[in-house]
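Every number in this text was worked out from the coordinates using simple rules, so none of it is lab data. Keep in mind that what you see is a predicted model, and the values were worked out from it rather than measured. Cβ: placed from backbone, ideal geometry, glycine included. Neighbour counts: every protein chain shown.
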Amino acid sequence: MSQERPRFHVVIPCAGTGSRAGVDIPKQYALLAGLPMVMHTLKAFAKVPGLGQALLVVSPKDLMMADLLAKHPQPAFSLVMRGGATRAQSVLGGLRQLEALGVDKQDWVLVHDAARCLITPRLIQALLNACFADEVGGLLALPLPDTLKSSVAGRVTQTLNRSDKWLAQTPQMFRLGALAQALSAGHELLTDEASAMEALGMSPLLVEGASFNFKVTYPQDWALAEAVLNDRKLRPGVLA
């Protein structure tokens with residue numbers, strides 16, 4: 001990769017409604033520690049050196065994001081109205097936009113959940129450092145810390161070996177061409193970018209993340225995320 005080209009690019013799918021979050025608007029717009037949730041996510045990526053194209057992918061029917069960015073400018077990010085009904089469709093829309101912008105198919109792309117708003121520049125850099133020299137790419141993840149059970153009708157049937165189990169997080173980092181090919185294959189059970197790459201027979205690298213990098217999904221997650229963000233205000237730089 002030549003020194004003149006950006007080191008990496010970012011796609012943040014943001015076309016969901018967050019129906020499980022218990023808020024009256026799509027959760028990416030709900031206030032968290034004084035800012036709309038998505039702003040915390042964008043600010044973290046904007047602080048990482050080497051950022052090339054950075055895309056925020058929303059639904060073509062989204063009427064809120066443009067106004068939000070006007071109120072809270074994030075010049076590193078461009079708004080892309082190519083979000084789809086699924087995460088995979090939204091990410092692929094972002095990848096197609098990168099291709100239209102002339103991004104090389106061998107360039108690295110990081111895909112991140114907008115609702116993982118506690119991500120830090122340090123964690124992002126750790127993933128970049130681990131994956132730049134990798135043939136496939138990889139993702140942040142955590143070794144499973146708890147005892148794992150299988151069940152039938154709400155009752156335990158078996159305790160499973162957790163020694164090789166990980167909890168997948170984001171960002172997930174792959175080359176533009178390979179990821180676009182993987183998502184275009186249309187496999188039905190894709191839950192993240194890594195599973196798309198796995199469906200093509202590839203084995204992404206697992207890079208240890210952090211427990212605070214959780215996805216704000218349920219009502220109880222809001223209080224925890226708010227506490228983490230407020231603590232960072234009191235102790236700036238602790239998890240930068």
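Observations, loosely collected:
- Ordering of 176-184, 105-113 by burial proxy (mean other Cβ atoms within 10 Å per residue, highest first): 105-113, 176-184
- Surface/4 of the Cα convex hull for the range 169-223, nm²: 4.8
- In nm, spacing of pseudo-spin labels at Gln158 and Phe132 (7 Å Cα→C-beta vector): 4.3
- Pairs beyond 32 Å (Cα-Cα), from Lys27/Lys233; Lys43/Lys149; Lys61/Lys165: Lys43/Lys149; Lys61/Lys165
- Of every Cα-Cα pair in the chain, the percent that sits beyond 31 Å: 22
- Between the residues Met197, Ala178, Gln158, the greatest Cα displacement towards the positive end of the dipole of the range 155-204, with unit charges on the Cβ of Lys, Arg, Asp and Glu, is found for Gln158.
- Each Lys and Arg Cβ is given +1 and each Asp and Glu Cβ -1; about its Cα centre, the chain then shows a dipole of about 460 debye.
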